[in-house]
1. When you check Ser186 against the structure, is it within 17 Å of the chain's Cα centre (by Cα) and in contact (Cβ under 8 Å) with a residue 12 or more places away in the chain, yes or no?
2. Restricting attention to the stretch 60-89, which residues are within 13 Å of the chain's Cα centre (by Cα) and either farther than 15 Å from Thr185 by Cα or open to solvent by 50 Å² or more (accessible area, probe 1.4 Å) (or both)?
3. Which one is surrounded by the fewest Cβ atoms within 10 Å (Cβ to Cβ), of the residues in the stretch 12-47 that are closer than 17 Å to Leu216 by Cβ, over 14 Å from the mean Cα position of the chain (by Cα) and of a type in the set (Val, Ile, Thr)?
4. Looking at the stretch 110-128, can you tell me whether even one residue there is open to solvent by less than 60 Å² (accessible area, probe 1.4 Å) and modelled with pLDDT of 90 or more?
5. Please determine, by comparing only the residues of the stretch 140-155 that are among the aliphatic types (A, V, I, L, M) and open to solvent by 70 Å² or more (accessible area, probe 1.4 Å), which one is farthest from Ser110 (Cα to Cα).
6. Which ones in the stretch 217-268 are at pLDDT below 90, open to solvent by 50 Å² or more (accessible area, probe 1.4 Å) and within 30 Å of Val145 (Cα to Cα)?
Amino acid sequence: MREANSFDLSLLILLAVIWGSSFFNIKIATYSYDPITLALVRVIFASIPLLILCKISGIKIEAFSKNWSWYALIGLCNIAIPFVLIAIGTAKINSYLAAILMSTTPLSGSILAHFFTKDEKLSYLKSLGVLIGFSGIVLLFFDKVIINSENFIFVLITILGSTFYCIGGLLTLGLKDKKNENVTTSTTLWSVIFLLPFSLIIESPWESSPSLTSTLSLLYLGVVATGLAWLIRFRILTVNGLVFQTQVAYLIPIFGIIFGYFLMDEVITWKVIVSLVVILIGIYIFKKNNKGLKKINGK
């Protein structure tokens, strides 16, 4: 893996902008689309560039091979369920709050990894980072302007969505010897299989009359925030490694707040800023002492 140059840094920032912008687009899409249908369209559009990438690169897609159960389970836990839960939660909370909550996924994942893996145990400093990071989330619950009795349950649903990302990430370790492009494409295909019948049966999308704005946001989520973003992520992982790619976690909530404030007129309080700073400090301490990531990156 090479040291990041200015172009690599630009790609990382672009990835953060795309993912940071996804939350306000999710909120706009929920104005017209039900959560399962929203998730379904996202993964359908995301699967197109992934299939093209595998075709061009000559990578075999193993979604329906003898390991199909692993791909199906990961597709369910890492894509289908969290996409639906995040759509449900974001519909009722500020879009930037969803971005902040999702930025703590590495911290949640570290707790699960401590109990379910052999080489990702929490050290003293990593535990300190996790505690500081989650204390930032706790601070958010004391801001009644942002989290109150009307949206409390939707905040928890969003956090549950991020937890499923972590579960899916742990399950992905069972396919660690497979190519990243194959795993992502195969699990995406399975997420389509899971979401399609539920969308058709529960939500009857053909009966809806979506607005143009919501439709454009949904197309953006599928083509750009999921499909294109994953291709950029592949490039960063291949050239610069996992450690560099994970730095995007610092930038996503920042861009989420910027988009939420300027494009959605969402209220930003001083407690939100303090909470974000505390969370980012926790993530920094954790990642600074995460030797597991460094081993994966070969450093």
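1. no
2. Result: Ile81, Pro82, Phe83, Val84, Leu85, Ile86, Ala87.
3. Out of the qualifying residues, it is Ile44.
4. Yes, some residue in the stretch 110-128 is open to solvent by less than 60 Å² (accessible area, probe 1.4 Å) and modelled with pLDDT of 90 or more.
5. Result: Val145.
6. Once the filter is applied, which keeps residues that are at pLDDT below 90, open to solvent by 50 Å² or more (accessible area, probe 1.4 Å) and within 30 Å of Val145 (Cα to Cα), the stretch 217-268 yields only Gln247.
The values are calculated or read from the model by the stated rules, or taken from the named source; none is laboratory data. This one's a predicted model, so the numbers in the text were calculated from it and none came from an experiment. Glycine gets a Cβ as well: all are built from the backbone with ideal geometry, and neighbour counts include every protein chain shown. Heavy atoms of the whole protein, side chains included, go into the accessibility calculation; ligands, DNA and RNA do not. Shrake-Rupley method; radii C 1.70, N 1.55, O 1.52, S 1.80 Å.
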